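**Student:** Sending over a structure as structure tokens; questions will come in a sec.
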Amino acid sequence: MNELEGLLDDIRQNPHDDTPRLVAADWYEDAGQPERAALIRLQCQHDRLLPQEQDPTVARQIERLLAKHGRKWLGDLAGVGAVTWTRGFPASIRLTASKFLARAEQIVQVFSAIQLYNSRSKIEALATCAALQRVQSLELSECNTTPSLLGMLIHSPHLVQLRHLGLIHCEVQTPHLEAIGNAPVMNQLESLEIASHYAPSDGIRHLRSFNENTLRRLSLRGHDLGPVGIDLLAQLPGLKNLTELDLSYCQLEERAGQLLAEFPRFRQLKFLNLHFSTLHREGATAIAGSPILDHVERLEIGFNEISNLGALAILNSPRLKNITQLNISHSEGTTILGRHLARSPLLPQLRVLSVHYNSLRDKGLKTLLAAPELSNLVALDLRSCDLSFEGAQAIANCPYLGNPRVLSVTGNTLGGKGATAFIRSPYLQNLWVLTGDTYTFSNRGYDRLKHHFADRIQDH
């Protein structure tokens with residue numbers, strides 16, 4: 001094994017450590033490959049930040065390097081599938097099962113994360129593929145297969161290094177979950193994602209083989225859990241060390257939200273996603289007082305009918321001492337929500353705040369913008385908040401918005417005068433991203449914003 005091969009092996013064995021990657025960057029620099037070294041250093045710097053804190057200038061540098069050199073760096077694997085580069089190295093590849101099987105041994109020498117689609121007819125062949133021994137992350141997308149075939153794959157003796165298993169937009173019924181739950185690989189997983197379209201709740205009981213010493217992330221997005229599913233989830237062993245729990249689109253209902261708040265095990269969560277989970281005020285209030293929030297840094301509770309009162313409970317929660325990112329969008333909030341936000345003890349901690357699709361109106365926004373604690377925000381999402389030019393003027397004249405890098409105002413009617421206010425504002429010149437469109441600013445106003453902010457203005 002030569003020096004570079006040793007470094008690459010070290011990177012593979014320590015995927016979360018930047019040190020061997022930066023050592024490899026030095027090796028590439030010394031070997032006369034400065035562009036390769038630059039990619040590693042830029043992505044290591046870039047990927048450790050919140051998405052909203054990532055400098056678009058650096059992102060464009062990365063894009064140019066990959067556009068110019070990416071195919072050369074991939075060699076014979078260029079064009080085989082869609083490649084994601086992470087911290088300077090090819091990390092995952094998305095391709096058909098047929099293409100993977102045709103070149104499996106070569107692919108796993110480079111990629112430890114494999115995303116497969118159009119795999120239904122190839123499940124049996126995948127199960128016997130010895131190359132799976134090097135795969136650490138395996139995802140099947142849009143794969144509607146039988147429980148027996150899925151079980152054959154999940155029980156493959158070759159999945160010895162698997163740490164993440166994902167079933168994305170696949171047909172998942174109770175027998176499928178039973179096949180997964182009985183697999184020995186469950187005991188070694190760090191992450192399981194089963195994103196389905198309202199899979200039945202009773203299958204949750206089969207997921208009993210988790211190892212609490214390894215499992216850190218669980219996503220059941222799209223399952224029709226309800227109170228029964230939440231109760232079954234609460235009974236599963238191996239969940240007490242979870243740091244991420246995604247129950248978005250899970251049809252929790254009110255009683256389920258209250259049961260979730262009572263969970264004794266979920267005390268290490270850093271990310272809790274309850275987006276679009278049919279919560280109402282009582283469920284939000286119960287969760288706001290729950291110990292499951294004690295370590296949460298990111299909370300997604302948008303697109304629920306929690307009302308101003310539910311939002312108030314969240315915003316005044318004594319449990320959210322570590323919160324830095326809050327999405328409380330489409331919560332049926334009104335003008336009064338602006339006052340709740342301005343007075344919230346959470347506001348000084350927040351780096352990312354999304355309140356879009358709430359009827360803040362200009363009055364509610366001006367109340368929020370009067371809070372000096374806004375100065376820590378790097379991203380503020382005000383899309384479709386019923387704002388007019390008066391709201392745009394308040395944003396433009398707010399001295400506490402000197403730090404935001406991302407400001408989203410699409411879906412409001414700020415008009416050409418709103419565009420002028422943004423252009424003249426001394427507080428918005430450091431924006432990295434401003435989202436709006438011709439509906440937001442008028443055709444002429446949007447054109448002037450594009451001229452002033454150049455590629456920093458986006459229409460989504």
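The values are calculated or read from the model by the stated rules, or taken from the named source; none is laboratory data. Being a predicted model, the structure only gives us computed values, none of them experimental. Methodologically, a virtual Cβ is constructed for each residue, glycine included, from the backbone with ideal geometry; neighbour enumeration extends over all protein chains shown.
**Student:** Can you tell which of Ile107, Ile93 is part of a helix (DSSP H, G or I), buried (at least 19 other Cβ atoms within 10 Å of the Cβ) and of a type in the set (A, V, I, L, M, F, W, C)? Talk me through it step by step, then tell me what you get.
**Tutor:** Values: Ile93 fails: part of a helix (DSSP H, G or I).
Among Ile107, Ile93, only Ile107 is part of a helix (DSSP H, G or I), buried (at least 19 other Cβ atoms within 10 Å of the Cβ) and of a type in the set (A, V, I, L, M, F, W, C).
**Student:** Return only the number of the condition from (1) modelled with pLDDT of 95 or more; (2) part of a helix (DSSP H, G or I); (3) under 26 Å from the mean Cα position of the chain (by Cα) that Gln45 does not satisfy.
**Tutor:** (1)
**Student:** For region 251-272, which residues satisfy the criterion of being of a type outside the set (Asp, Glu) and over 26 Å from Lys321 (Cα atoms)?
**Tutor:** Gln251
**Student:** Just wondering, is there one or more residues in region 67-82 that are of a type in the set (Gly, Ala, Ser), touching a residue at least 60 places away in the same chain (Cβ under 8 Å) and not assigned by TED's automatic domain parsing to the domain that holds Gln43?
**Tutor:** Among the residues of region 67-82, not one is of a type in the set (Gly, Ala, Ser), touching a residue at least 60 places away in the same chain (Cβ under 8 Å) and not assigned by TED's automatic domain parsing to the domain that holds Gln43, which makes the answer no.
**Student:** Name the residues in region 211-227 that are farther than 17 Å from Val172 by Cβ and either crowded, with 21+ Cβ neighbours inside 10 Å or outside the structural domain of Leu272 (by TED's automatic domain parsing) (or both), would you?
**Tutor:** The answer is Leu215, and nothing else.
**Student:** Which residues, counting only those in region 165-214, are of a type in the set (Val, Ile, Thr), in contact with an Asp or Glu (Cβ under 6 Å, 6 or more places away or on another chain) and part of a loop (DSSP other than H, G, I, E, B)?
**Tutor:** Within region 165-214, Thr214 is the sole residue that qualifies.
**Student:** Of all residues in region 293-325 being among the acidic types (Asp, Glu) and at pLDDT 95 or above, which is farthest from Pro264 (Cα to Cα)?
**Tutor:** Glu300
**Student:** I'm trying to understand the selection: among the residues of region 396-452, which are in contact with a helix residue (DSSP H, G or I) (Cβ under 8 Å, 6 or more places away or on another chain), surrounded by fewer than 17 Cβ atoms within 10 Å (Cβ to Cβ) and of a type in the set (Ser, Thr, Tyr)?
**Tutor:** Of everything in region 396-452, those that are in contact with a helix residue (DSSP H, G or I) (Cβ under 8 Å, 6 or more places away or on another chain), surrounded by fewer than 17 Cβ atoms within 10 Å (Cβ to Cβ) and of a type in the set (Ser, Thr, Tyr) turn out to be Thr413, Thr438.
**Student:** Moving on. For residues that are over 24 Å from the mean Cα position of the chain (by Cα) and surrounded by fewer than 17 Cβ atoms within 10 Å (Cβ to Cβ), tally how many sit in region 179-199.
**Tutor:** 3
**Student:** Still on this model: How many residues does region 405-454 hold that are over 24 Å from Gln54 (Cα atoms) and within 25 Å of the chain's Cα centre (by Cα)?
**Tutor:** Here the count works out to 1.
**Student:** Okay, next question. Within region 175-215, which residues are over 14 Å from Leu233 (Cα atoms) and polar (S, T, N, Q)?
**Tutor:** Within region 175-215, Asn182, Asn187, Gln188, Ser191, Ser196, Asn211, Asn213, Thr214 meet the criteria.
**Student:** Another question about this same structure. If we scan region 45-64, do we find a residue that is under 26 Å from Asn187 (Cα atoms), touching a Ser or Thr at 6+ places or on another chain (Cβ under 9 Å) and not hydrophobic (A, V, I, L, M, F, W, C)?
**Tutor:** Within region 45-64 (the criterion being under 26 Å from Asn187 (Cα atoms), touching a Ser or Thr at 6+ places or on another chain (Cβ under 9 Å) and not hydrophobic (A, V, I, L, M, F, W, C)), the answer is no, since none of the residues qualifies.
**Student:** Related question: Those residues that are assigned to a helix (DSSP H, G or I), over 20 Å from Leu299 (Cα atoms) and among the charged types (D, E, K, R), I need them from region 215-265; list them, please.
**Tutor:** Listed by number, the list holds a single entry, Asp231.
**Student:** Out of the residues in region 114-144 meeting the condition of being assigned to a strand (DSSP E or B) and small (Gly, Ala, Ser), tell me which one is surrounded by the fewest Cβ atoms within 10 Å (Cβ to Cβ).
**Tutor:** Once the filter is applied, the top-ranked residue is Ser141.
**Student:** Also, quick follow-up: Could you figure out which of (1) in a helix (DSSP H, G or I); (2) buried (at least 17 other Cβ atoms within 10 Å of the Cβ) isn't true of Ser277?
**Tutor:** Checking Ser277 against (1) in a helix (DSSP H, G or I); (2) buried (at least 17 other Cβ atoms within 10 Å of the Cβ), the one that fails is (1).
**Student:** Any chance region 329-351 includes a residue that's closer than 20 Å to Leu259 by Cα and assigned by TED's automatic domain parsing to the domain that holds Pro372?
**Tutor:** Here is the first cut: in region 329-351, the residues closer than 20 Å to Leu259 by Cα are none.
Taking every residue of region 329-351 in turn, none turns out to be closer than 20 Å to Leu259 by Cα and assigned by TED's automatic domain parsing to the domain that holds Pro372.
**Student:** Limited to region 132-173, what total is found for residues that are under 12 Å from Ser196 (Cβ atoms) and modelled with pLDDT of 90 or more?
**Tutor:** Number satisfying all stated conditions: 5.
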